[in-house]
Amino acid sequence: MNVFEYKKALRNKKISVIGVGVSNAPLIRFLVDGGAIVSAHDKKNASALGDIYKELSALGVSFVFGEGYLKEIPDGTEIIFKTPGLRGDVPELLAAKEKGIEVTSEMELFFELCPCEIIAVTGSDGKTTTTTLVGEMLKKEGYTCHIGGNIGKPLVAELENMKPDDKAVLELSSFQLFSMKKSPKIAVVTNVTPNHLDWHKDFEEYIESKKNIMKYQDENSVLITNYSNAITKKMGEEAKGEWRSFSSTKDALVHLDNNEIFFGSEKIINASDIIIPGIHNIENYMAAIAATKDYVSRETVEYVAKNFGGVPHRIELVRTLDGVRYYNDSIASSPARTTAGLSSFNEKVILIAGGYDKKIPFDEFGEVINERVKKLVLVGLTSEKIEAAVKNASNFEGLPIFKETDFEHAVKTARNCAESGDIVILSPACASFDLFKNFEERGNLFKKIVMDF
């Protein structure tokens, strides 16, 4: 079924949408435009939703607010679209399935209706940069490229304008993959390390969710995985189609040799061409090269490497003040991601860390901090856990630790600790939800504070 046939079949169909957020507001507009009778369900009230509530109400959408937002599914509802952050096995959705109601998501619908080839990227770290790099390379080569998914842009609203020769490039989270029943033609897994254990039942469930990106591939598909990560190496060995491995070691198909990136025996670019810092970004380029090898030239890869300045909130240089460089790495919501960020610098840094507790252990991270950090500023719910991990590490030698209860004070403490030549980096190793709506809000506040110094 194509998008036009699907929209035609929507007329007078009763549909409930759970969660009125970034991905579902465009979905609701899409459904209403097709003539569906839509009810929207959200914990937030009308006031909190603001202009979105006013707009959708004017379109005829009915709303259910508050703690009981899942319980009041209208009689006759045929389809429920759930927000990615809601597990599909909550009692209310299981009861709906027993009644014969289809439970799906905006991303599952996109996979069903997308008329062009899909390249999708997932991973615990690096997926946004890799997704962006794939898109930048394809666009530079001349393709019409639609970039979205977890990267912040839902693509359902663009379906009617997509052509078979276009490319759709998606970033997919474990939440979005959790209930997927389709896989992309080209799938990329940057790495898998413990993450989102506050949402997933355990690490094994998290891994299985990630594996849905490859589970429904066939012999004509391409799977790209990190050879140096034990979990993703095993995923590659289970590929149903072509497996393209990447690693900064020489063992992988796409690899680093003498500071040059090769695809097999073919040199693609010099690693020194890449202007964004860190070995992890070299590996992000390797993943993107593997994903686009059939479509883009070596010259295109080189152009992007020399001109792409990075994605905001990912080791983003904010300013240099009094000889001190300030970096915003707010995207780093796991110890592995912060470790990669710290490894981007040759010198020890002043680190601002801490935040919402995703139940990820910090034991190994404590050793990394002692090795790569000269002064540590902690803020947020995980401050005590990170401090304990640092002090209990075998290599603890009295690292100065400052704990703050207020984010602005934490940033100012870091400034007061710094001397000319130092690096101050916000790289929290934790999610932002204890103090902020998301990592962007956290990073933007950091930038504002720094720019106001």
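The values are calculated or read from the model by the stated rules, or taken from the named source; none is laboratory data. Being a predicted model, the structure only gives us computed values, none of them experimental. Here the Cβ is made from the backbone with ideal geometry for all residues, glycine too, and neighbour counts use every protein chain on show. Side chains included, ligands, DNA and RNA excluded: accessible areas come from the protein's heavy atoms. Shrake-Rupley method; radii C 1.70, N 1.55, O 1.52, S 1.80 Å.
What lysines could a cross-link reach from K412, if we take a straight Cα to Cα line under 27 Å and drop same-chain neighbours fewer than 8 places away?
Counting by Cα, and skipping residues close in sequence, K412 has these lysines nearby: K348, K358, K374, K375, K385, K391, K403, K437, K447, K448.
Quick one: which residues, 5 or more positions from T83 or on another chain, have an amide H under 5 Å from its amide H? H modelled 1.01 Å from N in the peptide plane, none for Pro or chain starts.
I18
Mind checking the full-extension length gain between R11 and E384? Use 0.36 nm per residue of separation minus the Cα-Cα distance, one decimal, nm.
128.8 nm
Within the stretch 1-90, which GluC sites (Glu not before Pro) sit in a loop by DSSP and count at most 12 neighbouring Cβ atoms inside 10 Å?
Numbers: sites: E5, E55, E67, E72, E78; in loops: E67, E72, E78.
Of the GluC sites (Glu not before Pro), the ones in loops of the stretch 1-90 whose Cβ has at most 12 other Cβ atoms within 10 Å are E67.
Give me the base-10 log of I(q)/I(0) for the stretch 361-453 at each q in 0.11 Å⁻¹, Debye formula, one uniform scatterer per Cα, rounded to two decimals.
For the stretch 361-453, the Cα-only Debye profile gives -0.31.
Hey, which aspartates and glutamates would be in cross-link range of K240, C-alpha to C-alpha under 19 Å, not counting anything within fewer than 8 residues on its own chain?
E117, E208, D218, E219, D294
For helix 279-292, report the angle its Cα long axis makes with the longest principal axis of the Cα atoms of the chain; keep it between 0 and 90° and round to the nearest 10°.
40 degrees
For the stretch 346-382, list residues with backbone N below 16 Å from a point placed 7 Å from the Cα of S394 toward its Cβ?
From the stretch 346-382, the list is 363-371.
On a 0 to 90° scale, report how tilted helix 127-141 is relative to the longest principal axis of the chain, with both axes built from alpha carbons and the result rounded to the nearest 10.
So the helix axis and the longest Cα principal axis differ by about 80 degrees.
How are the alpha carbon pair distances in the chain distributed across 20 Å bins from zero to the largest one, expressed in percent?
Using 20 Å bins, I get a P(r) of 24, 54, 22, 0 for the chain.
Using heavy-atom solvent-accessible surface (probe 1.4 Å) with all chains present, what is the largest-first order of I279, I52, I18?
So, going from the largest accessible area down, we get I279, I52, I18.
Grab the beta carbon distance between A230 and K403, set R0 = 41 Å, and tell me the FRET efficiency rounded to 0.05.
On the way: r = 35 Å, r/R0 = 0.85.
Calculated value: 0.75.
Excluding F402 itself, what net charge comes from residues whose Cβ is under 13 Å from its Cβ, given Lys and Arg +1 and Asp and Glu -1? Present the calculation step by step, with values, prior to reporting the outcome.
Values: positive: K374, K375, K403, K412, R415; negative: E387, E404, D406.
For residues surrounding F402, the net value is +2.
For a test of understanding, tell me how many lysine pairs in the stretch 1-83 have Cα atoms under 17 Å apart, given they are 8 or more places apart or on different chains.
10
If packing is taken as the average number of other Cβ atoms within 10 Å across a peptide's residues, how do 389-398, 255-264, 34-43 rank, most packed first?
Averaged packing, sorted descending, gives the order 34-43, 255-264, 389-398.
Taking every DSSP beta bridge with both residues inside the chain, roughly what % is antiparallel (nearest 5)?
20 percent
Could you give log10 I(q)/I(0) at q = 0.09, 0.15, 0.16 Å⁻¹ for the stretch 179-298, computed by the Debye formula over C-alpha point scatterers of equal weight, without solvent?
The computed values of log10 I(q)/I(0) come out as -0.26, -0.68, -0.76.
Computed from the mean reciprocal separation of all distinct C-alpha pairs, what Kirkwood hydrodynamic radius does the stretch 262-378 have, in Å?
One decimal place: 16.1 Å for the Kirkwood radius.
Once both labels are modelled 7 Å past Cα along the beta-carbon direction, what's the E67-F203 spacing in nm?
3.6 nm
Within the stretch 11-43, whose backbone N sits under 20 Å from a point 7 Å along Cα→Cβ of D75?
Only 12-17, 37-40 fall inside the zone, counting backbone N under 20 Å.
Could you give me the ³J(HN,Hα) list for the stretch 245-253, computed from phi with Karplus coefficients 6.51, -1.76, 1.60 and θ = phi - 60°, whole Hz, x at Gly and Pro?
8, 9, 5, 6, 8, 7, 6, 8, 4
If I take R0 = 45 Å and measure r between the Cβ atoms of M451 and D294 in this structure, what FRET efficiency does the formula 1/(1 + (r/R0)^6) give, to the nearest 0.05?
Efficiency computed from Cβ-Cβ geometry: 0.55.
Mind checking the angle between helix 203-215 and the chain's longest principal axis? C-alpha axes, 0 to 90 degrees, to the nearest 10.
Around 60 degrees separate the two axes.
Could you work out the per residue convex hull volume over the alpha carbons of the stretch 159-218, in cubic angstrom?
Details: hull volume 6.3 nm³, N = 60.
Residue-normalised Cα hull volume stands at 105 Å³.
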